[in-house]
Amino acid sequence: MRFKVLSMFAALLLLAACETPTEETTASTSTATESSAAPTPPAAAEPVGIQPGSQEDLIDKVGDRVFFDFDRYDLKPEGRSSVEALAAWLNSFPAVTLTLEGHADERGTREYNLALGERRANAVKDYLIALGINAGRLTTISYGEERPAVPGSYEEAWAQNRRSQFVVN
């Protein structure tokens, strides 16, 4: 069973990584290869099609989640650095507002997991406020165990589901 889930997850990652080139990319690639033997990479570091301040930009520059230990809602050191990067990103886009989602793994009662997810979302919100982000730009919601990132009843799945996720409004 574990092998099937991991195989499906790997297949989904491979499919997500595949992208059909746009006409603009195809045209510029064919022109570059016709004009020289060694094409030069584009000067811009921004991926084509990502709108600054969008969810895709957030994922590309910062990531969109932090993870928590079992039955905990305090930020780990790597979570703190992710939230600090999120604060810097938010300072670059003062009009952007976020929803901070709290999630839990499937262990525990529904009510307990909803409360734990709320505490996780609030931990991120409180740290962002401490870093100078206006509280009016942040909302929280808890989904508890209702929206797992990785389905399954094993430690690797549970670890991915104990999270707070950042969503651009």
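The values are calculated or read from the model by the stated rules, or taken from the named source; none is laboratory data. As the structure is a prediction and not an experimental result, all values here were calculated from the model. Positions of Cβ are backbone-derived with ideal geometry, glycine not excepted, and every protein chain shown enters the neighbour counts.
Couple of notes before you dig in:
- The set of residues from segment 67-101 being of a type in the set (Gly, Ala, Ser) and closer than 19 Å to ALA157 by Cα comprises just one member, GLY79.
- With respect to the conditions (1) surrounded by 15 or more Cβ atoms within 10 Å (Cβ to Cβ); (2) at pLDDT 50 or above; (3) in a helix (DSSP H, G or I), ILE59 lacks only one, and its number is (1).
- Residues that are surrounded by 14 or more Cβ atoms within 10 Å (Cβ to Cβ) and of a type in the set (A, V, I, L, M, F, W, C), drawn from segment 129-140: ILE129, LEU131, ILE133, LEU138
- Residue within segment 157-169 that is within 16 Å of ARG65 (Cβ to Cβ) and of a type in the set (D, E, K, R) present: yes
- Per-region count, segment 98-111, residues buried (at least 18 other Cβ atoms within 10 Å of the Cβ) and either under 16 Å from the mean Cα position of the chain (by Cα) or under 11 Å from VAL168 (Cβ atoms) (or both): 6
- Residue within segment 89-97 that is outside any helix (DSSP H, G or I), surrounded by 17 or more Cβ atoms within 10 Å (Cβ to Cβ) and modelled with pLDDT of 95 or more present: yes
- Those residues of segment 158-169 which are more than 11 Å from THR99 (Cα to Cα) and crowded, with 20+ Cβ neighbours inside 10 Å, in sequence order: ASN161, ARG162, ARG163
- From the list ALA121, ALA157, ALA115, ALA149, the one residue that fits, being part of a helix (DSSP H, G or I), touching a helix residue (DSSP H, G or I) at 6+ places or on another chain (Cβ under 9 Å) and not charged (D, E, K, R), is ALA157.
- Top-ranked residue in segment 112-169 [being under 17 Å from LEU75 (Cα atoms) and free of Cβ contacts under 8 Å to residues at least 12 places away in the same chain; ranked as farthest from the chain's Cα centre (by Cα)]: ALA130
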